[in-house]
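Here is the structure we will look at.
The values are calculated or read from the model by the stated rules, or taken from the named source; none is laboratory data. Since this is a predicted model, take the numbers as computed values, not measurements. No Cβ is skipped: glycine too gets one built from the backbone with ideal geometry, and neighbour counts run over all protein chains shown.
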Amino acid sequence: MIYFTLLMLVLAITAICRGPVLKHLSVPWFFIGWLPGELPWLFAALQIFGTVIFFLLADSIGIKEIVAVSIAAVTLLVWFNLHAKTWRAGAVFNTALRDLHGEKHELRSAKNAGIASPPVIHKRNWLRPFHYKREGVERIKNISYGNLSRNKLDIYRKAGADSTTARSPVLLHVHGGAWAIGHKHQQALPLINYLAQNGWICVDINYRLAPKHPYPACLIDIKKAIVWIKENIGHYGGNPDFIAITGESAGGHLCALAALTCNNPQFQPGFETSDTQVQAAIPVYGVYDFTNHQRDGSLMQKFLEKYVMPQPFANDIEGWKNASPVYQINNPNLPIFVIHGDKDCVVPVEQARDFVRQLKQRNKAITLYAEIPGAQHGFDIFHSVRTEFHVEAIGTFLHHCFSTDPLNKN
C-alpha cells in the first residue's frame with residue numbers, strides 16, 4: 001500500500017514537471033516540481049531502487065504487482081523524457097552565443113571559451129549535484145564593504161592569488177530571495193567556483209533585506225559593493241577595470257538595475273560622485289518590471305507592495321518605474337546576457353522577453369538572450385545538465401567581454 005501511494009505521488013509530480021504551469025498555484029508548483037524537473041535522472045534512479053525493493057519483498061506476482069510495474073514504467077519514461085530535454089539547453093546557449101563569434105562559434109570549444117578548458121560538461125558534474133568545491137579555489141569570508149551588519153562579502157579566487165601575481169577580471173554575484181531572504185554562499189556556487197578555478201575573482205555579497213529595509217536599501221548596498229571592489233579588489237589579485245555583475249531572481253533584478261543605473265546619484269546617497277559602472281551584466285530569471293504592465297497574472301505586485309516597496313504602486317508610480325530595469329534602458333553601452341527558463345512559474349518568462357526586446361532596440365552593445373526549454377526558477381543553484389551548459393555559456397560570454405573590453409589593461 002505504501003509503494004502504491006508513493007507511485008501515485010510520483011505520477012502527480014511527473015505531471016507537474018511536464019504539464020503547463022497553473023499560475024494561481026505558481027508557488028506550490030515551483031516547490032513541488034523544482035528538484036524533480038532539474039534532476040530527473042536522480043528521481044528515476046530512486047524510483048528504480050524502490051521498485052526493485054518492492055518486488056523483492058512481494059510474496060507473489062499478481063495483478064497488483066503488474067499494475068504497479070505498469071505505472072512505474074510510465075513514470076520512468078517521463079523521467080527519461082525530462083532528462084533528455086535538459087540536454088537541449090546546450091543548443092539554446094550555443095545559438096545565443098553565436099553573436100559573439102559568428103556562425104562558426106562552438107559553445108564547448110576551449111579555444112573560443114578561453115577560460116573553459118576543459119569544458120565543464122565533460123566533467124560530469126551533474127552527477128554530483130550538491131558538490132560545489134573545486135580544487136585550488138579558496139574562499140576569503142566576511143570582508144566588510146560598508147558599516148552595516150549585512151555589508152559583508154566573500155571572495156573566491158585561485159589559492160595563492162594576490163596583487164603581485166594577478167590582475168584577474170571580477171564577477172560580482174547578487175543572491176536572490178525575493179528581496180527578503182537569502183545569504184551569500186547559497187546560490188550560483190557552480191558558476192562562482194568554476195570561474196574562480198579558471199582565473200576569475202568572484203565576489204559574493206550580502207545586502208540589506210526587506211521588509212526591515214525597504215527598497216532601495218538593497219540597491220544602494222550593491223552600489224557600495226561595486227565601489228569597494230574598484231577601490232580594494234587589487235589587493236586580492238583582481239582587476240578593478242573590469243567588473244561584471246550577475247544575480248538570480250531578485251538578484252537578477254538588482255543586477256540589471258545596478259548595471260543600468262550606474263553613477264545615478266539617486267541611488268548613491270553619501271557617495272554620489274563614486275563610479276559604479278560595470279562592464280557586463282548577466283541577469284538570470286530576474287524581475288524586470290515591477291509595474292506588471294503586461295498583466296501576466298502573477299502575484300508579484302501584491303508581494304512587492306506588502307514587503308518590498310516603501311509606497312503602494314498607486315501612490316508612487318514613478319518610484320515603481322524607477323525600480324524596474326525595463327524603464328531604465330537609457331541607451332546603455334553594456335554587454336548583457338539575459339537567461340530565463342520557459343517553465344519558470346515564479347517569474348513569468350514574458351518579463352524576460354519584453355526586457356530583451358527593448359534592450360535590443362536601445363542597447364549600443366551586444367544583448368544576448370537564452371530561453372532554456374523546461375528550466376524552472378532556480379535551475380542553476382545546484383549542478384544539473386542545464387547548469388553545466390549555463391555555467392560554460394556565462395564563462396564564454398564573460399571571457400569575450402573581458403578580452404574585447406577597451407579598458408582591459410591586463
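So how many residues does the range 306-355 have that are assigned to a helix (DSSP H, G or I) and not aromatic (F, W, Y)?
17
Would you check if K360 is free of Cβ contacts under 8 Å to residues at least 24 places away in the same chain and either touching a strand residue (DSSP E or B) at 6+ places or on another chain (Cβ under 9 Å) or in a strand (DSSP E or B) (or both)?
Answer is yes for this residue.
Can you name the residue in the range 226-248 that is in a helix (DSSP H, G or I) and modelled with pLDDT under 95 and, of all such residues, is surrounded by the fewest Cβ atoms within 10 Å (Cβ to Cβ)?
H235
Kindly list, by first and then second residue, each pair from a residue in the range 65-88 that is outside any helix (DSSP H, G or I) to a residue that is at pLDDT 90 or above, limited to pairs with Cβ atoms under 7 Å and residues at least 6 apart or on different chains.
From the range 65-88, the pairs are W87/V385.
With touching a residue at least 60 places away in the same chain (Cβ under 8 Å), outside any helix (DSSP H, G or I) and touching a Phe, Trp or Tyr at 6+ places or on another chain (Cβ under 9 Å) as the only criterion, which of P214, P190 stands out?
Of the residues listed, the single one that is touching a residue at least 60 places away in the same chain (Cβ under 8 Å), outside any helix (DSSP H, G or I) and touching a Phe, Trp or Tyr at 6+ places or on another chain (Cβ under 9 Å) is P214.
Being buried (at least 20 other Cβ atoms within 10 Å of the Cβ) and at positive phi, is that true of even one residue in the range 284-292?
Within the range 284-292 (the criterion being buried (at least 20 other Cβ atoms within 10 Å of the Cβ) and at positive phi), the answer is yes, since at least one residue qualifies.
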